[in-house]
Amino acid sequence: MKSFGVRIAIDDFGTGFSSLSTLAALPADILKIDRAFLSGLPGDAPAAAMLEGILEVARKLDLAVIAEGIEHTGQLDLLRSLGCGMGQGFLLASPSPSPVLEALLASGARLQPPAGMDATAAGA
């Protein structure tokens, strides 16, 4: 599949069956960090340390990283400071129907924040 340009992502990394041993067994390209690591951030020092460790392992293995469940600006700020450049969550954008997403991608425009959110948070 990789010869066709398909990239493999490990979803919910750090929980269940997706663990460090999975990285050695699968030809992954992307780690999607489970939202559980973000839920207490930025004030949860052990979770922040785990997140930093996951990001460093991903860098060493040349894997892209997506943080799941970004819901607060403090989480986004911490992720940015740790060098995590991709994320998903309600802070960044609300779920949208496929025609809306297709139009957004075709236009090259930036995501617009959900109502009540400042525009700088949506630009992650």
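The values are calculated or read from the model by the stated rules, or taken from the named source; none is laboratory data. What you see is a predicted model, and the numbers here were worked out from it, not measured in a lab. Surface accessibility is based on the protein's heavy atoms, side chains included, excluding ligands, DNA and RNA. Shrake-Rupley method; radii C 1.70, N 1.55, O 1.52, S 1.80 Å.
Observations on the structure shown:
- Extent along the principal axes, Cα only, for region 1-112: 42, 39, 23 Å, with the longest axis given first.
- Karplus 3J(HN,Hα) series, Hz, for region 50-59 with 6.51 cos²θ - 1.76 cosθ + 1.60 (x for Gly, Pro): 5, 4, 4, x, 4, 5, 5, 4, 4, 4
- F37, F4, reordered so the largest accessible area comes first (probe 1.4 Å): F4, F37
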